[in-house]
Amino acid sequence: MQTLIAITGEAGVGKSTLVKHIKRHAPQTPTASTGQLIRETYDKDNPPLWLQMGELAPEADIRAMVENWIKENQTATSLVLDGMPRIPDQVTWLDTMADKYGLDLRVLMLEASEELKSQRIKERNRAGDEFHDARSAKDANRMRKTKARIIEKWMDIDMQVIEINEDTDMDKLAVHVIFMHGLI
């Protein structure tokens, strides 16, 4: 059975950093982030109005992009998805996709202090990542409001909450995730 690891958490907790380390140690594992899928889908010279205004992507678009990515990678042993679920309805939808495609769905929710998240977002913004500039505050606010309901919905699914701090060795965490979830 193919494994889908969904990594979720507020902006700045280290989702993309963890995925980067997983990819380094398990290069055969397809990885994607919802942000990456959005950037690959829309023409950066003529983005949709919602993206220009810093709004979040329409739910139907996100779901279509993620499902297409799952279908494109059906022969892989494992998949790693960064940035979903963000809202309770996505929990139900991911569970439906797992049933539809025969996936063993596992969720990692990363958490970090407000100070660490703020520091990471500021560093990203100084690096000129305009995509994150426009969305980080809205995304973090939405995630904060829905986190408890997301956890409640995942009670029947393999979910692990991981606390990230300044001393977290993301490389060692990636190796732990790879071995605990059978990515290699």
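Just so you know, in the range 76-93 the residues that are of a type in the set (Val, Ile, Thr) and under 14 Å from the mean Cα position of the chain (by Cα) include one that is surrounded by the most Cβ atoms within 10 Å (Cβ to Cβ), and it is Val80. Scanning the range 77-102 for residues being of a type in the set (S, T, N, Q) and within 11 Å of Leu4 (Cα to Cα) gives a total of 2.
A count restricted to the range 48-75 and to residues that are surrounded by fewer than 15 Cβ atoms within 10 Å (Cβ to Cβ) and in a loop (DSSP other than H, G, I, E, B) stands at 6.
In the range 40-62, is there at least one residue being of a type in the set (Lys, Arg) and modelled with pLDDT of 90 or more?
Of the range 40-62, the ones of a type in the set (Lys, Arg) are 44.
Still in the list and also modelled with pLDDT of 90 or more: none.
No, that holds for no residue.
Contact map, the range 162-173: residues that are touching a residue at least 60 places away in the same chain (Cβ under 8 Å) and closer than 14 Å to Glu115 by Cα paired with residues that are of a type in the set (Gly, Ala, Ser) and in a loop (DSSP other than H, G, I, E, B), Cβ distance under 7 Å, separation 6+ or inter-chain. Pairs shown: Ile164/Gly14.
Could we say that Thr29 is of a type in the set (Val, Ile, Thr), without any contact (Cβ under 8 Å) to a residue 40 or more places away in the chain and not in a helix (DSSP H, G or I) here? Judged against the criteria, Thr29 is not a match.
Being surrounded by fewer than 15 Cβ atoms within 10 Å (Cβ to Cβ) and closer than 23 Å to Glu111 by Cα is the filter here, so list the residues in the range 16-29 that pass it. Don't jump to the end; show me each part of the working.
Kept after step one, since they are surrounded by fewer than 15 Cβ atoms within 10 Å (Cβ to Cβ), are these residues of the range 16-29: 24, 27-28.
Within the range 16-29, Arg24 is the sole residue that qualifies.
All told, Ala32 meets the bar of being closer than 27 Å to Asp167 by Cα, under 14 Å from the mean Cα position of the chain (by Cα), surrounded by fewer than 22 Cβ atoms within 10 Å (Cβ to Cβ) and among the aliphatic types (A, V, I, L, M).
The values are calculated or read from the model by the stated rules, or taken from the named source; none is laboratory data. Here the structure is a predicted model, which is why all the values come from computation and not from measurement. Cβ atoms come from the backbone with ideal geometry, glycine included; neighbour counts cover every protein chain shown.
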